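Single-structure report; data block below.
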Amino acid sequence: MGITQHFLRRYWSLLIAFLIVALEIYACGVPFEPVAFEIPERAVWGMCIVYVLVLVLSLGLLVHSWQIQRRLTRNKWRLVFWTHVLLFPALTSIVLGLDEV
């Protein structure tokens, strides 16, 4: 198995989760005015549902990545490192998701 396939097999969920968190941070800076819509309440509820779905998807991918790291890591200290690395985007995703809701 090549190095690229090994890397993607182990880190694909982590890469997608970081991409989702980056998009979420970018979306926080985009102005959203529900007044321009015909029914503003529906637009606000729609955005809340989108943010909750992004939050759940991001957390699911991070849990999957942690499970892979837990299974493939040989050293306890490396597992502690990966746990801390994965906690940062998880907490960021939770804070940004709840902030928008």
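Derivation of every value follows stated rules applied to the coordinates shown; laboratory data play no part. Because the structure is a prediction, the values reported are computed rather than measured. Because the Cβ atoms are built from the backbone with ideal geometry, glycine has one as well, and the counts that use them run over all protein chains shown.
Brief remarks follow.
- Using just its DSSP H runs of length 4 or more, each adding -39500 (n - 2.57), the chain gives a mean residue ellipticity at 222 nm of -30000 deg cm²/dmol after division by all residues.
- Peptides ranked, highest mean first, by Cβ atoms within 10 Å: ranges 40-52, 80-92: 80-92, 40-52
- For the chain, the equivalent ellipsoid built from the Cα gyration tensor has semi-axes of 34, 13, 10 Å, listed from largest to smallest.
- Angle in degrees between helix 3-29 and the longest Cα principal axis of the chain, rounded to the nearest 10: 20 degrees
- Cβ-based net charge around SER13, under 14 Å, with every Lys or Arg adding one and every Asp or Glu removing one: +4
- Magnitude of the charge dipole for the chain, about its Cα centre and with charges confined to Cβ atoms of Lys, Arg (+1) and Asp, Glu (-1), is about 1100 debye.
- C-alpha long axis of helix 40-72 to longest principal axis of the chain, angle in °: 0 degrees
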